[in-house]
Amino acid sequence: MQVEEIGKETAKQKSQRTKEPRAAFLVGCGRSGTNMITRQLAKSPDVVLFNEDHLDAFAKYRLREIKVIQRLVEQSTAQVVLFKPILDTHLSLHLLEHFPDARLLFAFRHYGDVVNSSIRRFGPLKWTKSVAHWVRDDFARFAAAPLPDVTKERIKSRWRPDLGPESSIALYWLFYNSLFFDLGLNESSRVMSVQYEQTVMEPERRFKALAAFVEIPFTPTMAQGVYASSIGKAARPGIDPQIAATCEALWQRLCLTNGSDST
């Protein structure tokens, strides 16, 4: 489907709209329940979803040009146009700046379960190779929005060529989740953190909060089909003690922000 075909609406539909459509972005680290969160929110008739594999909004799982995203939002018949650019989490500030009425959701999940889930889904090498590539190229992949020095140093100082896959994947988790604080997203009233564990344990309460944050009515279907069975499903992975301690400290700090904005 071509971009021009997305969200065509009749004059009657336009007259029924009370607000202009606005963007929402879900970012964070992969394997943090991001598909579940977007899928459940998209059950609302007020939300249209562009997941990271939707070719109208993404190319190789990265957001297309801003002008394309802007057009998708402007042409939508839904109140909220939801995108899931988790590989572009480092662009969060740029997205908020370009879309002044947008909301940003930052999903996070315990690092142990993310490591285990990544290995089950992708095998032990995919994210391990990504981290090694970042360090060796000084994070050149993120040049579109230069990273804070503290973010790069946090990973570089803990990475070693002989790290096992579990420890390397923990660094992947550490990198993406550190951006919540390193970019100052925790200080924005337009950003909400979303803890996976609390969301699946209390789906109705949490999705009511998410709906309120993106300014759409809550519908009971948002909370249906959400289960907590994946929490701690496998044994804790064997992570380098220093890396594990750093991840644990960040995890505890993230938990203090769960489901709240700066207001």
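The values are calculated or read from the model by the stated rules, or taken from the named source; none is laboratory data. If you're wondering where the values come from, they're calculated on a predicted model, not measured in any experiment. All Cβ positions, glycine included, derive from the backbone under ideal geometry; neighbour counts span all protein chains shown. For the accessible areas, the whole protein counts, side chains as well, though only heavy atoms, and no ligand, DNA or RNA atoms are used. Shrake-Rupley method; radii C 1.70, N 1.55, O 1.52, S 1.80 Å.
On a full-extension model of 0.36 nm per residue, what is the gain between LYS60 and LYS233, subtracting their alpha-carbon distance, rounded to one decimal in nm?
That pair, LYS60 and LYS233, stretches by 59.2 nm at full extension.
Against the longest alpha carbon principal axis of the chain, how many degrees, from 0 to 90 and to the nearest 10, is the axis of helix 126-136 turned?
Relative to the chain, helix 126-136 is tipped by roughly 70 degrees.
Rounded to the nearest 500, what is the 222 nm mean residue ellipticity of the chain from helices alone, with -39500 (n - 2.57) per DSSP H run of 4+ residues and division by all residues?
-12500 deg cm²/dmol
Using the C-alpha gyration tensor of the chain, what are the square roots of 5 times its eigenvalues, in whole angstrom, with the largest one first?
32, 21, 16
Taking a ≥ b ≥ c as the square roots of the Cα gyration tensor eigenvalues, with a/c under 1.5 meaning rounded and otherwise prolate when a/b beats b/c, else oblate, which class fits region 89-154?
oblate
Of LYS60/LYS126; LYS43/LYS84; LYS60/LYS84; LYS19/LYS84; LYS43/LYS67; LYS60/LYS156, which ones are farther than 20 Å apart at the Cα?
LYS19/LYS84; LYS43/LYS67; LYS60/LYS156
Running a GNM on the chain with Cα contacts under 10 Å, which residue among GLU202, GLU52, GLU97 ends up with the highest mean-square fluctuation?
The residue with the greatest mean-square fluctuation here is GLU97.
Find out how many positive minus negative residues lie around MET222, taking Lys and Arg as positive, Asp and Glu as negative, among other residues whose Cβ is under 9 Å from that of MET222.
Net of charged neighbours comes to +1.
Antiparallel as a % of all DSSP beta bridges within the chain, to the nearest 5?
Around 10 percent of the beta bridges assigned by DSSP in the chain are antiparallel ones.
Which residue, SER44, SER168, SER32, has the most motion in a Gaussian network model of the chain that connects Cα atoms within less than 10 Å?
Evaluated over the chain, the most mobile residue of the options is SER44.
Taking only protein heavy atoms into account and a 1.4 Å probe, give the accessible area per residue of the chain in Å².
Normalised by residue count, the accessible surface of the chain is 47 Å².
By its C-alpha gyration tensor, with a ≥ b ≥ c as the square roots of the eigenvalues, how is region 146-263 shaped: rounded for a/c under 1.5, else prolate for a/b larger than b/c, else oblate?
oblate
Quick check: residue separation of ALA249 and GLU153 times 0.36 nm, minus the Cα distance between them. What number comes out in nm?
32.9 nm
Any idea how far apart ASN35 and ASP138 come out in nm if each label point goes 7 Å out from Cα toward Cβ?
With each label placed 7 Å out from Cα toward Cβ, I get 3.7 nm.
Roughly how much of TYR61 is accessible, in Å² to the nearest 10, using a 1.4 Å probe?
For TYR61, solvent-accessible area is about 120 Å².
About the Cα centre, and with charges only on the beta carbon of Lys, Arg (+1) and Asp, Glu (-1), how big is the dipole of the chain? Nearest 20 debye, please.
Dipole about the Cα centre, nearest 20: 460 debye.
With springs only between Cα atoms under 10 Å, which of LYS208, LYS129, LYS19 fluctuates most in a Gaussian network model of the chain?
Answer for the Gaussian network model of the chain: LYS19.
Leaving ligands and nucleic acids out of the surface, order ARG109, ARG136, ARG121 by accessible area at 1.4 Å, largest first.
ARG136, ARG121, ARG109
Sort PHE139, PHE122 from largest to smallest accessible area, using a 1.4 Å probe on the heavy atoms of the protein chains.
From most exposed to least exposed: PHE122, PHE139.
For region 84-98, in order, what is each residue's ³J(HN,Hα) by Karplus, 6.51 cos²θ - 1.76 cosθ + 1.60 with θ = phi - 60°, in whole Hz (x at glycine and Pro)?
Karplus-based 3J(HN,Hα) across region 84-98 equals 10, x, 5, 6, 10, 4, 5, 8, 3, 5, 5, 5, 5, 5, 6 Hz.
Can you tell me the convex hull volume per residue for region 119-214, based on C-alpha atoms, in Å³ to the nearest whole number?
128 Å³
Have a look at ALA212, SER168, ALA235 and report the one farthest towards the positive end of the charge dipole of the chain, computed about the Cα centre with Cβ charges (Lys/Arg +1, Asp/Glu -1).
ALA235
Would you kindly find the accessible area of ARG103, with a 1.4 Å probe and non-protein molecules such as ligands, DNA and RNA excluded, rounding to the nearest 10 Å²?
Spelled out: ARG103, probe radius 1.4 Å, area about 50 Å².
Can you work out the Karplus-derived ³J(HN,Hα) for every residue in region 29-37? Use 6.51 cos²θ - 1.76 cosθ + 1.60 with θ = phi - 60°, whole Hz, and x for glycine or proline.
9, x, 6, 10, x, 5, 5, 4, 5
Looking at the square roots a ≥ b ≥ c of the eigenvalues of the Cα gyration tensor of region 36-92, which shape do they give, rounded for a/c under 1.5, prolate if a/b is larger than b/c, or oblate?
Because a/c hits 1.5 or more and a/b fails to exceed b/c, region 36-92 counts as oblate.
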